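A quick write-up on the structure given underneath.
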Amino acid sequence: MRTQVGIVGAGPAGLLLSHLLHLRGIDSVVLEARSRHYCETRIRAGVLEQGTADLLVASGVGGRMTREGLVHRGIVLRFGGRDHRIDLSELTGGRTILVYGQHEVVKDLIAARLDAGGEIFFDVEDVAVGDLDTAAPRIRFRRGGEARELRCDFIAGCDGFHGICRPSIPPGVLTIYEHAHPFAWLGILAQAPPASAELIYASHARGFALLSMRSPEVSRLYLQCEPAEAIGEWPDDRIWQELRRRFETDEGWTLRDGPVLQKGITAMRSFVASPMQHGRLFLLGDAAHIVPPTGAKGLNLAAADVRVFVEALDAFYAAGRTDLLAGYSAACLRRVWKVQRFSWWMTSMLHRSAEGEFFDRLHLAELDYVTSSRAAATALAENYVGLPFAPA
Ligand SMILES: Cc1cc2nc3c(=O)[nH]c(=O)nc-3n(C[C@H](O)[C@H](O)[C@H](O)COP(=O)(O)OP(=O)(O)OC[C@H]3O[C@@H](n4cnc5c(N)ncnc54)[C@H](O)[C@@H]3O)c2cc1C
């Protein structure tokens, strides 16, 4: 088999890449280890920066998202028993965020690719990449028990943090920058109407909590917990009780509960692999970098890498240019590090850690500052709605 771009992974990065390449007349094949059903029902991110939503609309896959997504113009920071609203729109010249589940984006992209005759091979096994430093890299895999080989011009490693692409880069090429946060998130999806029209980020003496939503009927709620805790230690009643405590306000705010549809514990990690390229293998999305989810940036950062890579491939195929491919990693990493900074800042400001009372006071002062200074609130808002994109 042969294609121009062999893509490993049918998450948001791999699917969006395949879709945008198709619109530029560039062929790709997507290889995915899991089933289509698994990819379409994996609950993860849910906040799209305006730039990500605009990209989906402009590329023709935003129809259902525009109808069903929830446009948000602000977020709430809750601390000291009171709410402090950050008016994202007013602070950023009218920009907004869109609440629309990552698995819905994935569904829309899979449907668009298959409708256009695109090739996505689900349930493939033993994927391995090779000949990375030649002009004809290859991907070996098994499909239906049969060994196959895909020859390509380029390989896109879109296989997430635990994929095989990044570890296939020879030792000594990558520098890894990493920070493990001393807490985790317990997340639930609940059949309960969201108790707030906007996301609430709550900083409480017992730890951080986040109220988010996926639709007018389904809430997504998170609690800061210990990384070593097992989900079995958190029966539903305990989760709701803890959420009620952390969201309590002086005025007596009420949380709406309902059946828990899904729950899990996620470690909080900051990670960057640099450079995001070796030979003809390019890393995109979580394969190259992870941010803690507090700033809602992982999916958006994956989409930002895709933009840069598509422009670089287009320049290569249309005009034989290699300069944008050579600059891919540097162009992506400029944004990656700014987003790492923002995600780390939001995370440390809102969580309680064992650092001690001195740091708790600093974080409260930070919250006080960000909700009382227009300059500080604007800095939060412009990062939250998404930093602008530099021209290619
Ligand atoms: C609980 C949680 C909440 C989050 N909330 C947000 C949020 O609000 N906003 C936000 O922007 N981000 C959020 N994120 C982060 C976001 O989900 C990720 O950044 C995003 O999924 C990255 O997309 P990706 O395509 O790079 O990787 P992935 O979505 O991880 O996709 C990688 C794909 O590759 C496949 N794969 C892996 N190994 C192989 C292999 N060997 N062969 C073939 N296929 C393979 C996987 O099955 C998967 O389908 C959250 C993440 C979690 C876990």
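When GLY117 is tested against (1) closer than 24 Å to THR41 by Cα; (2) of a type in the set (Gly, Ala, Ser); (3) away from the ligand (no atom under 11 Å from the Cβ); (4) not in a loop (DSSP other than H, G, I, E, B), just one condition goes unmet, and that condition is (4). Going by the structure shown, is ARG148 in contact with a Phe, Trp or Tyr (Cβ under 7 Å, 6 or more places away or on another chain), within 15 Å of the ligand (Cβ to nearest atom), farther than 30 Å from ARG78 by Cβ and not in a loop (DSSP other than H, G, I, E, B)? So ARG148 fits the description; yes.
Any residue that is farther than 13 Å from PHE282 by Cα and under 23 Å from the mean Cα position of the chain (by Cα) - is there at least one of those in region 312-329? No; the residues of region 312-329 include none that is farther than 13 Å from PHE282 by Cα and under 23 Å from the mean Cα position of the chain (by Cα). Residue pairs whose Cβ atoms lie under 7 Å apart, separated by 6 or more positions or on different chains, with the first residue in region 39-51 and more than 15 Å from ASP108 (Cα to Cα) and assigned to a strand (DSSP E or B) and the second of a type in the set (Gly, Ala, Ser) and more than 7 Å from the ligand (Cβ to nearest atom), are GLU49/GLY386.
One residue alone among ILE110, ILE86, ILE120, ILE97 is crowded, with 17+ Cβ neighbours inside 10 Å, at pLDDT 95 or above and more than 30 Å from ALA190 (Cβ to Cβ), and that residue is ILE120.
The rows are residues; the columns are (1) at negative phi; (2) near the ligand (Cβ under 9 Å from one of its atoms); (3) crowded, with 24+ Cβ neighbours inside 10 Å; (4) not in a helix (DSSP H, G or I).
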position: PHE282; (1), (2), (3), (4): yes, no, yes, yes
position: ALA302; (1), (2), (3), (4): yes, yes, yes, no
position: PHE309; (1), (2), (3), (4): yes, no, yes, no
position: ASP314; (1), (2), (3), (4): yes, no, no, no
position: ALA318; (1), (2), (3), (4): yes, no, no, no
position: ARG321; (1), (2), (3), (4): yes, no, no, yes
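On the stretch given as region 347-392, residues that are aliphatic (A, V, I, L, M), assigned to a helix (DSSP H, G or I) and within 26 Å of the chain's Cα centre (by Cα) total 9.
For GLY14, the requirement of being near the ligand (Cβ under 7 Å from one of its atoms) and either assigned to a helix (DSSP H, G or I) or farther than 23 Å from ARG140 by Cα (or both) is met.
Scanning region 1-11 for residues that are within 13 Å of the ligand (Cβ to nearest atom) and touching a strand residue (DSSP E or B) at 6+ places or on another chain (Cβ under 9 Å) yields GLY6, ILE7, VAL8, GLY9, ALA10.
A single member of THR92, THR41 is buried (at least 17 other Cβ atoms within 10 Å of the Cβ) and away from the ligand (no atom under 11 Å from the Cβ), and it is THR92. Checked against (1) touching a strand residue (DSSP E or B) at 6+ places or on another chain (Cβ under 8 Å); (2) of a type outside the set (Gly, Ala, Ser); (3) surrounded by fewer than 18 Cβ atoms within 10 Å (Cβ to Cβ); (4) assigned to a loop (DSSP other than H, G, I, E, B), ARG142 passes all but a single condition, namely (4). Test PHE141 against the criterion of being farther than 18 Å from PRO275 by Cα, in contact with a His (Cβ under 7 Å, 6 or more places away or on another chain) and either within 16 Å of the ligand (Cβ to nearest atom) or of a type outside the set (S, T, N, Q) (or both), and give yes or no. For PHE141, the condition - farther than 18 Å from PRO275 by Cα, in contact with a His (Cβ under 7 Å, 6 or more places away or on another chain) and either within 16 Å of the ligand (Cβ to nearest atom) or of a type outside the set (S, T, N, Q) (or both) - is not met.
Residue-level analysis places VAL76 outside the set of residues that are crowded, with 16+ Cβ neighbours inside 10 Å and either without any contact (Cβ under 8 Å) to a residue 40 or more places away in the chain or under 17 Å from ILE7 (Cα atoms) (or both).
When each of PRO293, PRO259, PRO235 is tested for being within 16 Å of the ligand (Cβ to nearest atom) and either out of contact with any Leu (no Cβ under 7 Å at 6 or more places or on another chain) or farther than 30 Å from SER18 by Cβ (or both), the lone residue that passes is PRO293. Among the residues of region 155-177 satisfying the criterion of being away from the ligand (no atom under 16 Å from the Cβ) and in contact (Cβ under 8 Å) with a residue 60 or more places away in the chain, which is farthest from HIS363 (Cα to Cα)? Result: PRO170.
The values are calculated or read from the model by the stated rules, or taken from the named source; none is laboratory data. Everything quoted here is computed from the prediction, not taken from an experiment. Ideal geometry is used to build each Cβ from the backbone, glycine not excepted, and the neighbour counts take in all protein chains shown.
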